[in-house]
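Undergrad: Please find one structure pasted underneath; my questions will follow.
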Amino acid sequence: MGRSTLEGRFRVIDVSPDEVAEVVRELFEDGCYYATGMGVDERPLNGRFAVYHAINCPKRGVYVILRLTAPENRPSVPSITPVLRGAEWAEREAHDMVGVTFENHPNLERLILPEDWPDGVYPLRKDFPYNRKMAGTEGTAGVRGERHDEATMSVPLGPYHPLLHEPEYFELYVREDRIVGADYRGFHVHRGMEKLAESRMTLNQIPFLAERICGICGCTHSAAYCQAVEEAAGVEVPERALYIRSLMLEVERIHSHLLWFGVACHLLGFDSGFMHFWRAREYVMDIAELITGNRKTYGINLVGGVRRDLSGEKIQKTLKLLELAEGESREVIDNVVGMKELIARMEGVGVLRRKDAREIGVVGPVARASGIDTDVRRDHPYAAYGDLDFKVPVYRGCDVLSRFLVRVDETFESFSLVRQILENLPDGEIINEEYSLPYMEFGLGSTEAPRGEDVHMVLTGGENQVYRWHPRAPTYNNLPAVPLMLEGEDVADAPIIIASIDPCFSCTDHVSIVDAGSGRVLWRGPLLEGVERLRR
Amino acid sequence: MMPELSTLVNVVFVVLFAPLLDGIERKVKARLQTRQGPPVLQSWYDLIKLLKRPSVEPSGSFGWLFRLAPAVALSSVLLASTFVPSLLARSMGFWGDLIAFVYLLALASLFLALGGFASCNPYAQIGSHREISLLMAEEFSLAFIVAGLAVSAGGLAFSAMFPLPLKASSVVGVLAFAVMVYVSGARVPFDVAEAEPEIVEGPLIEFSGRSLGLMKLTAYVRRLLLFTVLLNFVIPFGGVLRSSVYVAALLVLSAVYAAFEAYFGRFRTADAVRFLKRFAAAGFVCWLLAVLGW
């Protein structure tokens, strides 16, 4: 192994193409899993392309970043997907966006770019201008699926469906009332955020862009981005700011979980539960408004600290609201848990075995419901979590019910965390603006979002800019597990199974640029196919 | 009053009042969910809007069946409303019987399902499939209940059954029938055929404008007629106060049923069918009691 730099939270290691597979295998056997990967066009620096594989080693409290490079004229590195299947999407994404080829990848098809995007044009290369518009070429899209036979019906779930609050496409292959197979097709709503940030935004504008990755868990994205830059530039963040960050992240988790419980009730036909959960959630929205001025999209994080302080009076009000929110949430949850028909519809449904979960690298409540004890807040303490006391709930049912119960326990842990933070809030400054930005320094920030581990990687660009920014939302890691969960289940259970990962598609889709016209091509074919019973 | 006129009054009453009853149920549910809820006339507003709009026919559908289904469904429930005594007790010289009523309602369900199949939409296929499974299971329970009530009343004609004689078998039968009214009304947890978050209203997904309006009106009328038959079993026939007692009882029943609906989550189809099969036991008890003369 070559150069290695030692940091607290992560370690960047240059590996040679020959040994990467072996290194990855050893890490996986040691209990690590694939967190994320990014391709970087480093040609302006050294005439090479680079791939960064971030591997999370929760036991050792460190992220191992494996850096592979390839020369400009032959941008090709060995794939690690055959060793660790969690890397599949990340490698396909790097192939789409930066044009690095992965040797021996089992399925190096397009993941993100539309199928009528011209070959050999890679939008995240530095010589591709952010405002360039591409004319579509003849697409080959839409024809998929080998499972069709007389008795199988293809049921399109999406791209518009009341279950999915964003356009995504699942195709279910159904025989009688059973799902015999499922395909996922996503990345329809790409906003090209990375390109935007790298090309025309400054360092402290990006937290606000990052926050808009997701309408539900935005704060966690801006926090992860700020942490990544702080790591890269070695910024000292005042303690009070760290506490306020934790405070808002926990408020966000409570609101997000209560929202999910409501949606889950709605999908199971229990609309009263839906309404009552959202009523309890309103107190949490009031808390957010009181502290940040916004019900959602708090706009509180900046590199070096936070933007708003918290007065004693606000702390008192918050504590009062918190009591109301907790009492009412407890009451509604107790009622729901007591409803046998709801529990019966979640128990034993949508099973994700621990082994698959580990190989795919699922995160957050989905992992914890499959018996994997992982939580970024505990394993890689950030913000104020090192000083706080909380339990990480782990269930071994591997089903939708376990995911529900993990979230129930987490919600009440979060209530306790908010209280601890408010009671122990240290005095002092809330932001440190005395820092300078180095050139081409790597930083990684990770947070435990309501949906699981959220990782942002940054290469600083100097002059108040970032050279490369790669956010990876938890749903990106959880989605590949959904087709596995769906197989063999009742069609009636498909919505709750898909919802059980608490999917956030816009988070997953942050990365890309899609021509609106060709976006249609992607799904129109299969949709029409699905309308009729399929005959060979 | 002439029988033809009272029949007309009854049909008009049923058509006008059924959407209103739905509006009241929506209000009750909203209150239980701490919502404001829409005005009680909302279901009427929705219907008027729908009836003013043209229907769109999906390409690739069996057009004639798709167009015919809403009309047949509505006609069958309206036909049932001509011989079920609702607002006015005396209705049409012809005294219908329970079997005709049950089958007219089944015909409406059948055409809802056929309309769904005819649209060729995969969600509608699943929904129609569920509708039919549920219908068969319902018929199974209903067969025993109807037979029990008939033996108990000494005939299937409404003239014999309204009201039922006070016997153990009639009490069990009416209670069982009340449950079937709930099930047949496609209420949560038995609304599997339309399950909005799962299969997007199932058989109704491709209906729009006028034809959707007719389908909705059919559903409202159907619920009202089911309540009406249930009430006729118990309201002493022919009294002076009958009409007002009937309307008041309708409102109470509807509020109670709506309240129940707010406390359930949806079944899977298989669970709903299993429940109905088990429930046939209640019908069987009713029939057994009636045969024994209790």
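Each value in this text was obtained by applying a stated rule to the coordinates, not by laboratory testing. Quick caveat: nothing in here was measured; it's all calculated off a predicted structure. FYI the Cβ positions are ideal-geometry reconstructions off the backbone, even for glycines, and counts take in every protein chain you see.
Undergrad: Once Rh is set to the Kirkwood radius over Cα pairs, what Stokes-Einstein translational diffusion coefficient, in µm²/s, holds for the range A:217-310 at a temperature of 4 °C and a viscosity of 1.567 mPa s? Provide the component values of the computation, followed by the final result.
TA: On the way: Rh = 14.3 Å.
It comes out at roughly 91 µm²/s.
Undergrad: Arranged by the count of other C-beta atoms within 10 angstrom, fewest first, what order do B:L224, B:L32, B:L112 take? If you can, show how the numbers build up before the last one.
TA: Values: B:L224 25, B:L32 18, B:L112 29.
Placing the least packed residue first, the sequence is B:L32, B:L224, B:L112.
Undergrad: Would you calculate a helix-derived [θ] at 222 nm for chain A, using -39,500 (n - 2.57) for each DSSP H run of n ≥ 4 and dividing by the full residue count, to the nearest 500? Could the numbers behind the result be given before it?
TA: Details: 19 runs with 215 residues, N = 536.
For chain A, the value works out to -12000 deg cm²/dmol.
Undergrad: A further question follows. Straight-line reach only, C-alpha to C-alpha below 27 angstrom: list the lysines that B:K277 could link to, leaving out same-chain residues fewer than 8 apart.
TA: Leaving aside lysines fewer than 8 places away in the same chain, those within reach of B:K277 are A:K340, B:K167.
Undergrad: What ranking of A:V303, B:V229 emerges when the number of other C-beta atoms within 10 Å of each C-beta is taken as an exposure proxy, fewest first?
TA: B:V229, A:V303
Undergrad: Then there is this: If packing is taken as the mean number of other Cβ atoms within 10 Å per residue, what is the order of A:433-440, A:293-300, B:138-145, highest first?
TA: Numbers: A:433-440: 12.4, A:293-300: 18.2, B:138-145: 20.5.
Result, highest mean first: B:138-145, A:293-300, A:433-440.
Undergrad: Just the Cα atoms of the range A:74-126, one point each, no solvent: what log10 I(q)/I(0) does Debye give at q = 0.20, 0.21, 0.27 Å⁻¹?
TA: -0.65, -0.71, -1.08
Undergrad: Can you work out ³J(HN,Hα) from phi for every residue in the range A:357-368, in order, using Karplus 6.51 cos²θ - 1.76 cosθ + 1.60 and θ = phi - 60°, giving whole Hz and x for Gly and Pro?
TA: Whole-Hz 3J(HN,Hα) from phi for the range A:357-368: 4, 5, 5, 6, x, 5, 10, x, x, 5, 5, 5.
Undergrad: Follow-up question, since we're still on this one. Sequence neighbours fewer than 8 away in the same chain don't count; with that in mind, list the lysines whose C-alpha is under 19 Å from A:K126.
TA: A:K195
Undergrad: Further, regarding this structure: Taking only C-alpha pairs under 8 Å that are 6+ residues apart, what is the relative contact order of chain A in percent? Kindly include the intermediate steps, with their values, before the conclusion.
TA: Details: 1101 pairs, mean separation 104.5, N = 536.
Relative contact order of chain A: 20 percent.
Undergrad: Of A:A288, A:L302, A:M248, whose Cα points farthest to the positive end of the dipole of the range A:235-351 (charges on the beta-carbon: +1 Lys, Arg; -1 Asp, Glu; origin at the Cα centre)?
TA: My answer, from the dipole projection, is A:L302.
Undergrad: When chain B is treated as a GNM, springs tying every alpha-carbon pair under 10 Å, which of B:V183, B:V172, B:V256 comes out with the largest mean-square fluctuation?
TA: B:V256
Undergrad: Per residue of A:487-498, what is the mean number of Cβ atoms on other protein chains within 10 angstrom of that residue's Cβ?
TA: On the way: counts 0, 0, 0, 5, 9, 12, 2, 2, 4, 2, 0, 0.
Counting Cβ atoms of other protein chains within 10 Å of each residue's Cβ and averaging gives 3.
Undergrad: Tell me which DSSP H helices of chain B clear both cut-offs, 20 Å or more of axial length from alpha-carbon atoms and a mean Kyte-Doolittle hydropathy of at least 1.6.
TA: Values: long enough: B:3-32 (42 Å, 0.86); B:63-83 (32 Å, 1.41); B:98-119 (32 Å, 2.23); B:122-153 (45 Å, 0.84); B:168-184 (24 Å, 2.06); B:209-234 (39 Å, 1.04); B:242-261 (28 Å, 1.35); B:269-291 (33 Å, 1.19).
Correct list, ordered by number: B:98-119, B:168-184.
Undergrad: Could you tell me which of the pairs A:K59/A:K355; B:K27/B:K49; A:K317/A:K391; A:K317/B:K27; A:K133/A:K296 are separated by over 28 angstrom between their Cα atoms in the structure shown?
TA: On the way: A:K59/A:K355 17 Å; B:K27/B:K49 20 Å; A:K317/A:K391 26 Å; A:K317/B:K27 34 Å; A:K133/A:K296 33 Å.
Exceeds cut-off: A:K317/B:K27; A:K133/A:K296.
Undergrad: May I pose another question? Taking every pair of Cα atoms in chain A, average 1/r, invert it to obtain the Kirkwood radius, and report Rg/Rh to two decimals.
TA: Details: Rg = 22.7 Å, Rh = 23.8 Å.
Reported Rg/Rh, Kirkwood definition of Rh: 0.95.
Undergrad: Hey, got the average number of other protein chain Cβ atoms within 10 angstrom for residues in B:117-128?
TA: Details: counts 0, 0, 1, 3, 5, 12, 6, 0, 4, 6, 0, 0.
Counting other chains' Cβ atoms within 10 Å and averaging over B:117-128 gives 3.
Undergrad: Please identify the chymotrypsin sites (Phe, Trp or Tyr not before Pro) of the range B:171-265 that satisfy two criteria: DSSP loop assignment and at most 13 other Cβ atoms within 10 Å. Which are they? The partial results should precede the final answer.
TA: Details: sites: B:F177, B:Y182, B:F190, B:F207, B:Y220, B:F227, B:F233, B:F237, B:Y246, B:Y257, B:F260, B:Y263, B:F264; in loops: B:F190, B:F207, B:F237, B:Y263, B:F264.
Those that pass, being in a loop and sparsely packed, are B:F237.
Undergrad: So what is the relative contact order of the range A:322-418, in percent, for Cα pairs below 8 Å that sit 6 or more residues apart?
TA: Working: 104 pairs, mean separation 30.7, N = 97.
With pairs under 8 Å counted, the relative contact order is 32 percent.
Undergrad: Among B:L98, B:L250, A:G371, whose Cα projects farthest towards the positive end of the dipole of the protein assembly as shown, with charges put on the beta-carbon of Lys, Arg (+1) and Asp, Glu (-1)?
TA: Of the listed residues, the answer is B:L98.
Undergrad: By counting other Cβ atoms within 10 Å of each Cβ, how are A:K355, A:K59 ranked from fewest to most? Could the numbers behind the result be given before it?
TA: Numbers: A:K355 9, A:K59 12.
Fewest to most other Cβ atoms nearby, the residues stand as A:K355, A:K59.
Undergrad: Related question: Before anything else, pin down the relative contact order of chain B: Cα pairs under 8 Å, at least 6 apart, normalised by residue count, whole percent.
TA: Working: 485 pairs, mean separation 86.4, N = 294.
Once divided by the residue count of chain B, the mean separation gives 29 percent.
Undergrad: Which far-off residues, 5 or more places away or on another chain, put their amide H under 5 Å from the one on A:V62, with H placed in the peptide plane?
TA: Those lying under 5 Å, H to H, from A:V62 are A:C57.
Undergrad: Given R₀ = 30 Å, FRET efficiency for B:I48-B:A248 by Cβ-Cβ distance, to 0.05?
TA: Working: r = 27 Å, r/R0 = 0.89.
With a Förster radius of 30 Å, E is 0.65.
Undergrad: Quick one: which residues, 5 or more positions from A:E453 or on another chain, have an amide H under 5 Å from its amide H? H modelled 1.01 Å from N in the peptide plane, none for Pro or chain starts.
TA: Amide H to amide H, under 5 Å and 5 or more residues apart or across chains, A:E453 pairs with A:G364.
Undergrad: Charges only on Cβ, +1 for Lys and Arg, -1 for Asp and Glu: so what's the dipole of the range B:3-291 about the Cα centre, in debye to the nearest 20? List each step's numbers first, then the result.
TA: Values: 23 positive and 17 negative charges, 103 e Å.
I would put it at about 500 debye.
Undergrad: Can I ask one more? Can you pull the mean other chain C-beta count within 10 Å for peptide A:268-280? Mind dumping the intermediate values first?
TA: On the way: counts 9, 14, 7, 13, 11, 4, 1, 7, 3, 0, 3, 3, 0.
Mean partner-chain Cβ count within 10 Å for A:268-280: 6.
Undergrad: Another one. If only Cα atoms are counted, what is the Rg of the range A:4-103, and what is its Dmax, in Å?
TA: 12.9, 39
Undergrad: Using only DSSP helix segments of four residues or longer, with each worth -39500 (n - 2.57), what per-residue ellipticity at 222 nm results for chain B after dividing by its residue count and rounding to 500?
TA: Details: 11 runs with 210 residues, N = 294.
Result for chain B: -24500 deg cm²/dmol, rounded to the nearest 500.
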